[in-house]
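Report on the following structure.
The values are calculated or read from the model by the stated rules, or taken from the named source; none is laboratory data. Everything quoted here is computed from the prediction, not taken from an experiment. A quick note on method: Cβ atoms are made from the backbone with ideal geometry, for glycine too, and the neighbour counts reach across all protein chains shown. Heavy atoms of the whole protein, side chains included, go into the accessibility calculation; ligands, DNA and RNA do not. Shrake-Rupley method; radii C 1.70, N 1.55, O 1.52, S 1.80 Å.
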Amino acid sequence: MNTPILSPTQPIHDPHDDQWIREHMEELVDNYAGKYVAVANQEIAGADARAVNAERAAKEKYPQIAPSIFRVPRPDDFVCAL
Amino acid sequence: MRTVTFPYSLYRGNIGPIIPLQARGEDGEWKTIWAYVDSGAFFSIFSNDEAALLGITDPTKGTHTHVVVGDGGKIPVYVFQVSTRIGEVELSAHIGFSPHLGVGFNLLGRQDIFSRFRVCFDDTAKEITFTEK
């Protein structure tokens, strides 16, 4: 696993956290539909109905990682006409 | 010419072009958020929760417009200019925020995005590719 280079001034985003979301999509939709999850260090570091709260929890746990903040769809959203 | 490819998201056999992108908040920090790439939408519409995440405390201060949705109704949308990154490409994009976004994901529409990129939806390979023009 590539370790992200951490900046002392701003948290760094790790694309592996995006990949984690894709790989765990079914689990996320089944358990967090309609909520926000903030994924950092390839785990759910924050989860809340509000994105800012999910992000805050993730940053408290991993202050040097910019989390991937995912608005979790509902199952029905995957079959939609947009 | 920069190109970035994102795998589709997959839920129990249903696929969708839901991708991560970065938007810069009012505090200058880049936030990674997710949106459904919707070529049928002119406007990008994100929820008010994303507005709060980006430090937009009053979304109604954006440029007000109404957008027609699937049932023929209209929802209010407030548009801001947001620094956005897709892959390595940074651009300024009009992003609308609405308290009435009923679908469960943010929508990434054509304005500013499809003029900067050639966008290819490949449902067979289950991936979407953005090629900078």
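Give me the accessible area per residue for segment B:2-41, probe 1.4 Å, as a whole number in Å².
38
May I have the count of lysine pairs in the protein assembly as shown with C-alpha atoms under 18 Å apart, counting pairs 8 or more residues apart or located on different chains?
The number of close lysine pairs in the protein assembly as shown is 4.
Let me check I've understood the local charge: for B:GLY25, count other residues with C-beta under 11 angstrom from its C-beta, Lys and Arg +1, Asp and Glu -1. What total comes out?
-3
With Cβ to Cβ distances under 9 Å as the rule, what net charge do the other residues near A:ARG71 carry (K, R +1; D, E -1)?
Neighbour charge sum, excluding A:ARG71 itself: -1.
What list of ³J(HN,Hα) values in whole Hz, one per residue of segment B:105-117 in order, does the Karplus curve 6.51 cos²θ - 1.76 cosθ + 1.60 (θ = phi - 60°) give from phi, with Gly and Pro shown as x?
Per-residue couplings from phi come out as 9, 6, 10, 9, x, 7, 4, 6, 7, 6, 8, 8, 10 Hz.
Given contacts defined as C-alpha pairs under 8 Å and at least six residues apart, what's the relative contact order of segment B:55-133, whole-number percent?
With pairs under 8 Å counted, the relative contact order is 18 percent.
Assigning unit charges at the beta carbon (Lys, Arg +1; Asp, Glu -1) and nothing else, what dipole magnitude in debye, to the nearest 20, does chain A show about its Cα centre?
340
What does the highest-first list of B:91-101, B:45-55 look like by mean Cβ count within 10 Å?
Top of the packing list down: B:45-55, B:91-101.
Hey, what do the phi angles of segment B:22-36 turn into as Karplus ³J(HN,Hα) couplings, whole Hz, using 6.51/-1.76/1.60 and θ = phi - 60°, x for Gly and Pro?
Whole-Hz 3J(HN,Hα) from phi for segment B:22-36: 10, 10, 8, x, 4, 8, x, 7, 7, 10, 9, 10, 10, 8, 8.
Give the relative contact order (percent, whole number) for chain A; include only Cα pairs under 8 Å separated by 6+ residues.
32
Taking the Cα centre of each part, how many Å lie between segment A:52-82 and segment B:38-67?
If we compute the Cα centre of each part, the gap is 17 Å.
Can you check what the net charge comes to around B:PHE105, using other residues whose Cβ is under 10 Å from the Cβ of B:PHE105 (Lys, Arg +1; Asp, Glu -1)?
Neighbourhood net charge equals 0.
Below 8 Å, C-alpha to C-alpha, sequence gap of six or more: please give me the relative contact order for chain B in percent.
32
If the chain between B:THR3 and B:ILE15 were fully stretched, how many nm would it gain, using 0.36 nm times the residue separation less the Cα-Cα distance?
Between B:THR3 and B:ILE15, full extension yields an extra 2.2 nm.
Taking only DSSP H segments of four or more residues, each worth -39500 (n - 2.57), what value at 222 nm results for chain B once the sum is divided by all its residues, to the nearest 500 deg cm²/dmol?
-1000 deg cm²/dmol, from helical runs alone.
If I compute solvent accessible area with a 1.4 Å probe over the protein chains, what percent of it on the protein assembly as shown is carbon and sulfur?
Heavy-atom surface of the protein assembly as shown belonging to carbon and sulfur, 1.4 Å probe: 48 percent.
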